[in-house]
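The values are calculated or read from the model by the stated rules, or taken from the named source; none is laboratory data. Predicted model only: the values in this text are computed from it and were never measured. Neighbour counts are summed over all protein chains in view; Cβ atoms, including those assigned to glycine, are modelled from backbone coordinates with ideal geometry. Quick note on the areas: whole protein, heavy atoms, side chains included, nothing else; ligands and nucleic acids left out. Shrake-Rupley method; radii C 1.70, N 1.55, O 1.52, S 1.80 Å.
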Amino acid sequence: MDQLLQTIKDGISMGSLYALIALGYTMVYGILKFINFAHSDVVVLGAWLSLVMADTTTRALGGAGAAGAPWWLGGAVLVTAMVACGLIGFTIERLAYKPLRGSPRLNVLITAIGVSLFLQNTGQLRAVFGTNPRSIPPLIHDATLLTVGQVNFKLLDLIGFGTAVALMIGLDYLVFHTKLGRAMRAVSHNRVTASLMGIPVDRVISFTFVTGAMLAAAGGFLWALKYETIKQPADSSWVLLGLKAFVAAVVGGIGNVRGAMLGGMAIGLLENFGSAYLSSSMKDVYVFALLIVVLLVRPGGILGKAVVEKV
Amino acid sequence: MLEVTDLRVNYGAIKALHGVTLRVNRGEIVTLIGCNGAGKSTTLRAISGIVRAAGGSITYEGRDLAGLKPHDIVRLGLVQAPEGRGIFSNMTVAENLELGAFIRSDRDGISADREKALTLFPRLRERLDQSAGTLSGGEQQMLAIARALLTRPKLLLLDEPSLGLAPQIVQIIFRIIREINEQGATILLVEQNAHMALKVAHRAYVLDVGRIVMEGKASDLAASEDVQDAYMGRKRAG
Ligand SMILES: Nc1ncnc2c1ncn2[C@@H]1O[C@H](COP(=O)(O)OP(=O)(O)OP(=O)(O)O)[C@@H](O)[C@H]1O
Ligand SMILES: [Mg+2]
């Protein structure tokens, strides 16, 4: 019973992170039809920026750690990381992808790999984040809110999950209930027709990138909060995180915002149930097995359209 | 109102337009007819800024449109309902209409225009919450026109609004084109259905492989033997 509850809790907690990151993949794919390989590097950036900010501010406050940190510090770090990554997302799109509008998709894909390598290597510079893992000082004084059996529900769990869910609800509202969201869906459906409605297509694309990057930053921040120790920017675990989030987007139906959220949750739960009840050494295998099954049974993803895409 | 002079457009190595010159005066319905591949859609795409002109000029209300983005051109009141309807099939009928009003923020004006459009096309009113992808071809065409009306066009470009529609629906569409014109919008109508187009239009141009080969009053063109032979399906006797 305890194990079941613990597994569900871990699965949802991890799943909400995957979902947050998957949204960026799916939004960019939906609008530009390419996989933004640099997306996971924006997650890394979000995590490391959070670390650096947490480090500097807590030090400035006398190094008292979470006890000395004001209650709003975590929120301030999150918002700053999101804004910074949003700006970087904007710059990446403007400098790397926009000049390729209308080029073959392969060119854009290769460029995305280039951007990813650039970000990884810049991050490794000693003057930037370096090549050693570091720990983020606690920003929030954790406490156990509730204990069921032997499963603890802590404040940090609640904050992590709550933030992810709030951001997803916000995004869902933006996409499905605002004029801007309608414009985003129009551009993703057909760019030319959207422009004939008077929609400034390039600006909508920029905005989509910025939103995806901001969600990635939030994912990075929550990751840092959850794991405390942050691997160096080019560590392969980041690539795996990005890959799983991408799988989540595909499983949910690439291009579909609600699908990405669903896919993220599904993968988080699957991974944790597999590790808890089957074998923990095969943790990653379950995720990719699910990908294969979904691609075979429902190639468009769970919420995706059942159409075959012309390549 | 619209002045197209010696317009040339290439798609890579393919020359689609070799110097098209045409004029649309305020208040008119002008039709551009021609066979498949003549370059009719290309002409409209160039006017809307979707494809770049390789030469010549497009002037609208005395203003050169060169270098303007499609969305800037829409804001000038030059609106296109594209070929193949171009509705957003992933959204509802209501959302499609709202996208037509994307550039506007006058709430009262929008709901008045929406009401007007739904009165023209009562079928759309019954289907407001239905996904636009599930509409029939004729209904989709109605939606495309209604949506363009919500943009409040001064000059409306229509690309083959009758394509693939049953004769009764074609009648309805053409009646509405005339109504829209009588309510003040100028119309440039691209059609393969030369018979209907020449009936509704004031003036006409005939496009053939990227060139204007004939122009004049619509009634004169409709009476011309060449036009009847080539575009209205009349069989030459003997
Ligand atoms: N994107 C494109 N790339 C290459 N060639 C194109 C493209 N679009 C149109 N063409 C070519 O340009 C010419 C004119 O095409 P256009 O679509 O303007 O014809 P149209 O008169 O609208 O024909 P239809 O009545 O069939 O719609 C055709 O020869 C067509 O093959
Ligand atoms: Mg055409």
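Highest mean packing comes first when the peptides A:73-84, A:115-126 are listed by Cβ atoms within 10 Å, giving A:73-84, A:115-126. Along its first, second and third principal axes, ordered by size, chain B spans 53, 44, 33 Å in Cα coordinates. Computed over neighbours whose Cβ is under 12 Å from that of A:Gln120, the net charge equals -1, Lys and Arg +1, Asp and Glu -1. Fraction of C-alpha pairs exceeding 21 angstrom in region B:133-222: 32 percent, rounded to a whole number. Taking one quarter of the surface of the convex hull spanned by the alpha-carbon atoms of chain A gives a direction-averaged projected area of 16.9 nm².
Taken residue by residue and averaged, Cβ atoms of other chains lying within 10 Å of the Cβ of A:183-195 number 5. For B:Ala16, the amide hydrogen comes within under 5 Å of the amide hydrogens of B:Val9, B:Asn10, B:Tyr11, counting only partners 5 or more places away or on other chains and with H modelled in the peptide plane. Write down Rg/Rh for region A:236-284, rounded to two decimals, with Rg from the C-alpha atoms and Rh from the Kirkwood relation over Cα pairs. Expressed as Rg/Rh, it is 1.03. Normalised by 2.2 N^0.38 Å, where N is the number of residues, the alpha-carbon radius of gyration of region B:32-172 equals 1.08. The H on the amide N of B:Gly55, modeled in the peptide plane, is under 5 Å from the matching H of B:Arg8, each at least 5 residues off or on a different chain.
Taking the square roots of five times each eigenvalue of the Cα gyration tensor of region B:15-75, the equivalent ellipsoid has semi-axes of 18, 16, 11 Å, listed largest first. Across peptide A:197-205, the mean count of Cβ atoms from other chains lying within 10 Å of each residue's own Cβ comes to 6. In order along region B:70-86, the Karplus-derived 3J(HN,Hα) couplings, from 6.51 cos²θ - 1.76 cosθ + 1.60 at θ = phi - 60°, round to x, 5, 5, 5, 4, 5, 7, x, 9, 10, 10, 9, x, 4, x, 6, x Hz, and Gly and Pro are given as x.
Relative protection proxy for B:180-187, B:107-114, from highest mean packing down: B:180-187, B:107-114 (other beta-carbon atoms within 10 angstrom).
The Rg/Rh ratio of the protein assembly as shown, with Rg taken over Cα atoms and Rh as the Kirkwood radius over Cα pairs, comes to 1.08.
Couplings 3J(HN,Hα) for region A:216-226, derived from phi with the Karplus relation 6.51 cos²θ - 1.76 cosθ + 1.60 (θ = phi - 60°), are 4, 4, 4, x, x, 4, 5, 4, 4, 5, 6 Hz, where x marks Gly and Pro. In chain B, the longest principal axis of the Cα atoms and the axis of helix B:137-150 are about 80 degrees apart. Considering every alpha-carbon pair of region B:68-121, the percent of pairs per 5 Å bin, from zero through the bin containing the longest distance, is 4, 16, 22, 28, 23, 6, 1. P(r) for region A:40-162, from all Cα pairs and a bin width of 5 Å, is 2, 9, 15, 17, 15, 13, 11, 8, 5, 4, 2, 0 %, short bins first. In order along region B:111-120, the Karplus-derived 3J(HN,Hα) couplings, from 6.51 cos²θ - 1.76 cosθ + 1.60 at θ = phi - 60°, round to 5, 5, 5, 5, 4, 4, 5, 6, 6, 5 Hz, and Gly and Pro are given as x.
Counted over the protein assembly as shown, the DSSP beta bridges are approximately 60% antiparallel. Solvent-accessible area of B:His71, all protein chains in place: 20 Å² (probe radius 1.4 Å, heavy atoms, ligands and nucleic acids excluded). Each Lys and Arg adds +1 at its Cβ and each Asp and Glu adds -1 at its Cβ; summed about the Cα centre, region A:225-311 shows a dipole of about 260 debye. Taking packing as the residue-averaged number of other Cβ atoms within 10 angstrom, the listed peptides A:175-181, A:87-93 run from highest to lowest as A:87-93, A:175-181.
Note on chain A: with a GNM built from Cα contacts shorter than 10 Å, the maximum mean-square fluctuation among A:Ile267, A:Ile169, A:Ile136 falls on A:Ile169.
In terms of its Cα atoms, region A:197-311 spans 54, 36, 22 Å along the principal axes, sorted from long to short. With respect to chain A, whose longest principal axis is taken over its alpha-carbon atoms, helix A:105-124 is tilted by about 20°.
Once R0 is set to 35 Å, what does the formula 1/(1 + (r/R0)^6) return for the Cβ-Cβ distance between A:Thr178 and B:His195, expressed as a FRET efficiency to the nearest 0.05? Working from the Cβ atoms, E equals 0.20.
Charge dipole of the protein assembly as shown (Cα centre as origin; +1 on each Lys and Arg Cβ, -1 on each Asp and Glu Cβ, all else neutral): 620 debye, rounded to the nearest 20. As a ratio to 2.2 N^0.38 Å, the alpha-carbon radius of gyration computed for region A:118-199 takes the value 1.83. Straight-line reach from A:Lys179: taking Cα to Cα under 13 Å and skipping same-chain neighbours fewer than 8 places apart, the aspartates and glutamates in range are B:Glu95, B:Glu98. Partner shielding of B:102-114 amounts to 1, given as the average count of beta-carbon atoms from other chains within 10 Å of each residue beta-carbon. Ranking B:Leu165, B:Ile176, B:Ala204 by how far each Cα lies toward the positive end of the dipole of region B:117-230 (charges on Cβ) leaves B:Ile176 at the top.
Farthest toward the positive end of the dipole of region A:166-311, out of A:Phe246, A:Leu295, A:Ser206, is the Cα of A:Ser206, where the dipole comes from beta carbon charges about the Cα centre. Across all Cα atoms of region A:1-89, the radius of gyration (one decimal) and Dmax (whole number) stand at 16.8, 48 Å. Rounded to the nearest 20 debye, the dipole size of chain B about its Cα centre is 140 debye, using +1 on the Cβ of Lys and Arg and -1 on the Cβ of Asp and Glu. In terms of its Cα atoms, region A:43-112 spans 54, 16, 14 Å along the principal axes, sorted from long to short.
Name the residue, out of A:Met265, A:Met197, A:Met14, whose mean-square fluctuation peaks in a Gaussian network model built on chain A with Cα pairs under 10 Å. Most flexible of the set in this elastic network: A:Met197. With the charge dipole of the protein assembly as shown set up from +1 on Lys and Arg Cβ and -1 on Asp and Glu Cβ about the Cα centre, the Cα lying farthest toward the positive end among the listed residues A:Gly162, A:Ala217, A:Thr193 is that of A:Thr193.
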